[in-house]
1. Within segment 285-297, can you find the residues that are at pLDDT below 80, surrounded by 15 or more Cβ atoms within 10 Å (Cβ to Cβ) and more than 15 Å from residue 246 (Cβ to Cβ)?
2. I'm told residue 511 meets every condition in (1) open to solvent by 90 Å² or more (accessible area, probe 1.4 Å); (2) part of a loop (DSSP other than H, G, I, E, B) except one. Can you identify the failing condition by its number?
3. Scan (1) at pLDDT 85 or above; (2) open to solvent by less than 80 Å² (accessible area, probe 1.4 Å); (3) out of contact with any helix residue (DSSP H, G or I) (no Cβ under 8 Å at 6 or more places or on another chain) for the single condition residue 443 breaks and write down its number.
4. Spot the failing condition for residue 425; the list is (1) under 23 Å from residue 520 (Cβ atoms); (2) modelled with pLDDT of 85 or more; (3) open to solvent by less than 60 Å² (accessible area, probe 1.4 Å), and only one is missed.
5. Scan (1) exposed (fewer than 15 other Cβ atoms within 10 Å of the Cβ); (2) under 23 Å from residue 413 (Cβ atoms); (3) in contact (Cβ under 8 Å) with a residue 12 or more places away in the chain for the single condition residue 484 breaks and write down its number.
6. Please go through segment 68-99 and pick out each residue that is without any contact (Cβ under 8 Å) to a residue 12 or more places away in the chain and under 16 Å from residue 47 (Cα atoms).
7. Select from segment 20-68 the residues that are open to solvent by 90 Å² or more (accessible area, probe 1.4 Å), more than 22 Å from residue 91 (Cβ to Cβ) and not in a loop (DSSP other than H, G, I, E, B) and write down the one among them that is modelled with the lowest pLDDT.
Amino acid sequence: MRLKMKQITPKFSFKFSKKNILIIAAALLIVILGFAVSKEPKTINYDMYLQLLDGNFVSKAVIDEDDVILYSQNNRFKIIKDGIDVKELIKKVPVERAQTYIVMSEFFTICFIFLVFLGIIFLLLKIRNKEQSDTKTPAYDLESIVSSFATPVISNVRFDDVAGIDDVKMELSEIVDFLKNPIKYRNFGIKMPKGVLMIGPPGVGKTLVAKAVAGEANVPFFYQNGASFVQIYVGMGAKRVRELFSKAKSYAPSIIFIDEIDAVGKSRGGTRNDERETTLNQLLTEMDGFEDNSGVIVIAATNRIEMIDEALLRSGRFDRRIFLSMPDLKDRVAILKTYLKGKKCEADVNDIAKMSVGFSGAALSTLVNEAAINALRSGNEILKTSDFEAVLNKVLLGKKKVLSYSESEKRIQATYQAAKVLCAYWFDVKFDKISLIEDRFVGIEREIESRSQMLSRIKVFLAGMCKLQLDENDVFSNSSSDLNYAKDLASKMVYEYGMGNSFIPNPADVEQILTQAKEDVVSFLKGVSEQISTLSEYLLVYESIDKEMTTNILKEAYN
């Protein structure tokens, strides 16, 4: 049996190495210089000189010592000066001296050659760099990446700079003490936790707390976001994890802080992602490989603990969990005092804290900054309560569209809002201010709320719609958002809090709560038409009303 051999034709490959680029550049320079030298003027005799001159082929002439150079379109010719009548030549064509023309011509020629040469070198180097980038993935250039990836910093944040989380600081003080005095714990046989997992909604200060721990302990701080480990290149994320932990151990005692750890520590299974799972496995291995009391503490933060893999949460990895909740009234007062340091402010911090229910620490920082900008825009040098009120909804919800009502629409809206004001006052639903275009109800501070309290809030949301139905026998579009709030609250009462008529939640219970609230509101509104009319007239004039003014108006109305 004969084997048929396939002939392989060698492929020519050329690499733009430094040596090859220099050879090409030298060859091009020789060619360019040779081309420049080859353009020397051609020597002609007298008869040809007369033919060129009589045929008007000479555009100009240059006298160069003993020769005369004739320029004809793209050619140059040379003849001995003593062999022609220069005076006749001057009468027919422009004549110049070589001292000015030749020197400038040579100068521009040299500059042109030099620029062309530099351009070719630049082009070759650019091609070479492109070839290198096409054949070299970031996985091969890892050393330069890692050197900037795992760079420690010394934090200048202290616990005094973090307000409103006294219980968290107390729990983390043990970690700080261990990093400062590890020998004390070793002698007592205590194993400090390898990892601390901080859980809480966005903006509550998880990163700031980690920096404060590093600042109090005065140890190197390695900050990384979980997403920075997730790479499209195979093995890149795992390599980064290894390098990070290796660097942290060399700087021990130190802190590794991984923000948004759910990006890399997401539960395995489901949608397959081999690279992310490899990175997670490497993270698990590194945390297992920690020696007891090695001096490296891993602090991680997340607001989605339900997505984190169970293996990462087991004992021996993240032994301690710290929950950071949204700041309450006391915490908000402390946080606001911190942010208002160094600012001229005559507003009562307690009032600002009361009107900023639901704000995180980051949102409070933005609130103070936006209020300062508003004061500056208004030409004031001191922060006032009005500055905070002006930007409160902008910070929490974003800037709202400015509404423009006609007179009839304005009267309808005034009646609608007046009914809500009166119901909020009567059913004890606290509010700061209610205007024609927005409501500013006081957020719920209590942890436990009764069914009757929630029902009162639903009544307030339905009050405006019910009042317009009584007066106009119609339903208007301005009730859409309040109606949605009422539906959402009724659904929570049934599906989350078990406040329906049956233990098994169903839509009929939601409907029953809304119907009951509406009937109670309609019955109440029928007997207070005069008071609502008074509040409506006030809103038409002043466009907003607060709790104190409502009390004064109603006292006068009843008297």
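The values are calculated or read from the model by the stated rules, or taken from the named source; none is laboratory data. Computed from a prediction, not measured in an experiment: that's the story for all the values here. Cβ coordinates were reconstructed from backbone atoms using ideal geometry, including for glycine residues, and neighbour counts include every protein chain displayed. Remember, those area values only see protein heavy atoms, side chains included, never the ligands or the DNA or RNA. Shrake-Rupley method; radii C 1.70, N 1.55, O 1.52, S 1.80 Å.
1. Result: 293, single match.
2. Every listed condition holds for residue 511 apart from (2).
3. The failed condition is (1).
4. Residue 425 satisfies all of (1) under 23 Å from residue 520 (Cβ atoms); (2) modelled with pLDDT of 85 or more; (3) open to solvent by less than 60 Å² (accessible area, probe 1.4 Å) except (3).
5. Just one mismatch for residue 484, condition (3).
6. Those that are without any contact (Cβ under 8 Å) to a residue 12 or more places away in the chain and under 16 Å from residue 47 (Cα atoms): 85, 88.
7. 37
Condition check ((1) among the polar types (S, T, N, Q); (2) modelled with pLDDT of 90 or more; (3) part of a helix (DSSP H, G or I); (4) open to solvent by 40 Å² or more (accessible area, probe 1.4 Å)) across all residues:
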position	(1), (2), (3), (4)
429	no, no, no, no
454	no, yes, yes, no
457	no, yes, yes, yes
467	no, yes, yes, no
474	no, no, no, yes
